[in-house]
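**Q** Before anything else, here's the structure in question.
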Amino acid sequence: MTSVGGPAVQAYAARAGQSVEEYLQQLGPRVTPKVAGAALVGLVRADAANVAPEYLLTAAGLQKLP
């Protein structure tokens, strides 16, 4: 958790009646800088004709949305 997102995480956890650890655990694996960077590079290098209009970025990488 960073100082930028920390207060928001604390507020959401409190609102849900959970500890910060419980709240973060339910969110699943976090997106790392490596995954986010690879996703960005992949989109930049992709042929524009093959790029989907929407994606979801998860810890597993980019997922095309239906």
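**Q** Might you check whether a residue that is under 14 Å from the mean Cα position of the chain (by Cα) and surrounded by 10 or more Cβ atoms within 10 Å (Cβ to Cβ) occurs anywhere in the range 46-55?
**A** yes
**Q** Across the range 1-46, which residue is farthest from residue 57 (Cα to Cα) among those that are assigned to a helix (DSSP H, G or I) and of a type in the set (Lys, Arg)?
**A** 15
**Q** Also, quick follow-up: So which residues in the range 2-40 are of a type in the set (Val, Ile, Thr) and under 17 Å from residue 64 (Cβ atoms)? Walk me through it before giving the result.
**A** Narrowing the range 2-40 to residues of a type in the set (Val, Ile, Thr): 2, 4, 9, 20, 31-32, 35.
31, 35, listed by residue number.
**Q** Looking only at the range 50-61, decide whether some residue is in a helix (DSSP H, G or I) and either modelled with pLDDT of 95 or more or in contact with a helix residue (DSSP H, G or I) (Cβ under 8 Å, 6 or more places away or on another chain) (or both).
**A** There is no residue in the range 50-61 that is in a helix (DSSP H, G or I) and either modelled with pLDDT of 95 or more or in contact with a helix residue (DSSP H, G or I) (Cβ under 8 Å, 6 or more places away or on another chain) (or both).
**Q** What about residue 52, is it touching a strand residue (DSSP E or B) at 6+ places or on another chain (Cβ under 6 Å), assigned by TED's automatic domain parsing to the domain that holds residue 65, closer than 30 Å to residue 66 by Cβ and without any contact (Cβ under 8 Å) to a residue 40 or more places away in the chain?
**A** Numbers: touching a strand residue (DSSP E or B) at 6+ places or on another chain (Cβ under 6 Å): yes; assigned by TED's automatic domain parsing to the domain that holds residue 65: yes; closer than 30 Å to residue 66 by Cβ: yes; without any contact (Cβ under 8 Å) to a residue 40 or more places away in the chain: yes.
The answer is yes for residue 52.
**Q** Moving on to the next point. For the range 15-45, name all the residues that are surrounded by 11 or more Cβ atoms within 10 Å (Cβ to Cβ) and among the hydroxyl-bearing types (Ser, Thr, Tyr).
**A** Correct list: 19, 23.
The values are calculated or read from the model by the stated rules, or taken from the named source; none is laboratory data. Because the structure is a prediction, the values reported are computed rather than measured. Note: ideal-geometry Cβ built from the backbone for every residue, glycine included; neighbour counts use all protein chains shown.
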